[in-house]
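For reference, the structure discussed in these notes is given below.
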Amino acid sequence: MSIPGTLIYLFSLAVLSSSAVQDETLAAVCTSHIQLFGSLSAQLQEATQCTEAQLSQLNMTQTAAMLHSLRTLTNALHKHQLTACQGAEPSACPQVEVHTNGGVVCATIKDVIYCKPMCNNGYDFNFLRRRRLYEVCSGAKNHKWTTSYIGGNKLAVCHESSVQISGAETSYFPEGLDCMKTKSIGNLREMIINKFLDELKAESIDGEPEYTCLVCG
Ligand SMILES: *[C@@H]1O[C@H](CO)[C@@H](O)[C@H](O)[C@H]1NC(C)=O
């Protein structure tokens, strides 16, 4: 599909989801869209390559309709994405409140959850944590998160910074990648998780990981 064709296709999806459509039809449309989401995702990625000049082929009504649909979809998908670590045991441990501008990679080994906060490229931690790679939650710690950040279940904060010096080298997503981009590419996601497992192993925390996840703020 050509780029304008893709945009018109996306636009018609936006029209389909307008409130004018009956609930029942909408449910059917959404169910069939579950299968469509694979190609929609690829087409959206293509659409992100469009130049401003190409995008200007859309009129302001279409532009606003697209923005409205994309924002609605972004919010719903992000909410879903945030549940990525919900299956981690022990379940008595509170869900990590993921910081923005980064993410958290977690692994459960022998009933202990280890979570390493990470910052996106171009962001840095507000506390020095070079020797503090990860935080821990377990029954032995009364199912509370260790944290150097006074925020309960928030393990870290990432703020905009031209230098990345507060954390260990592996606490940053590689240049040109942020958490979500990394998570969207299977082998990159695996690489980040495996790196963390290696780091745990280096501290004699080994054993078969029962659960691993990456969640982006
Ligand atoms: C914008 O484009 C759509 C689809 O081509 C058309 O239906 C609509 O009338 C246009 N709106 C304006 C304000 O030009």
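Here residue 179 does not qualify as closer than 17 Å to residue 89 by Cα, in contact with a Cys (Cβ under 8 Å, 6 or more places away or on another chain), touching a residue at least 60 places away in the same chain (Cβ under 8 Å) and not aromatic (Phe, Trp, Tyr). Taking the conditions (1) among the acidic types (Asp, Glu); (2) in contact with a helix residue (DSSP H, G or I) (Cβ under 8 Å, 6 or more places away or on another chain); (3) not in a loop (DSSP other than H, G, I, E, B) in turn, residue 190 satisfies each one other than (2). Criterion applied to 38, 103 was being outside any loop (DSSP other than H, G, I, E, B), away from the ligand (no atom under 16 Å from the Cβ) and at pLDDT 95 or above, and the one residue passing it is 103. Of the strands (runs of 3 or more DSSP E) lying entirely inside the stretch 122-170, the ones with 2 or more residues being farther than 18 Å from residue 199 by Cα are found at 123-125, 158-160.
For every residue, the table says whether it meets (1) at pLDDT below 95; (2) closer than 20 Å to residue 103 by Cα; (3) more than 16 Å from the ligand (Cβ to nearest atom).
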| site | (1), (2), (3) |
| --- | --- |
| 46 | yes, no, yes |
| 51 | yes, no, yes |
| 55 | yes, no, no |
| 58 | yes, no, no |
| 64 | no, no, no |
| 69 | yes, no, no |
| 76 | yes, yes, yes |
| 80 | yes, yes, yes |
| 85 | yes, yes, yes |
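Restricting to the stretch 1-35, and then to whatever is exposed (fewer than 11 other Cβ atoms within 10 Å of the Cβ) and modelled with pLDDT under 70, can you tell me which residue is nearest to residue 76 (Cα to Cα)? Here the answer is 19.
Within the option set 165, 193, being among the hydrophobic types (A, V, I, L, M, F, W, C) and under 12 Å from residue 104 (Cα atoms) holds for one residue only, 193.
Take the residues in the stretch 42-90 that are among the polar types (S, T, N, Q), within 15 Å of the chain's Cα centre (by Cα) and part of a helix (DSSP H, G or I); name whichever of them is surrounded by the most Cβ atoms within 10 Å (Cβ to Cβ). Within the stretch 42-90, the match that is surrounded by the most Cβ atoms within 10 Å (Cβ to Cβ) is 81.
The values are calculated or read from the model by the stated rules, or taken from the named source; none is laboratory data. Model, not experiment: these values are computed from the prediction. Reconstructed Cβ throughout: ideal geometry from the backbone, glycine too, with neighbour counts over all protein chains shown.
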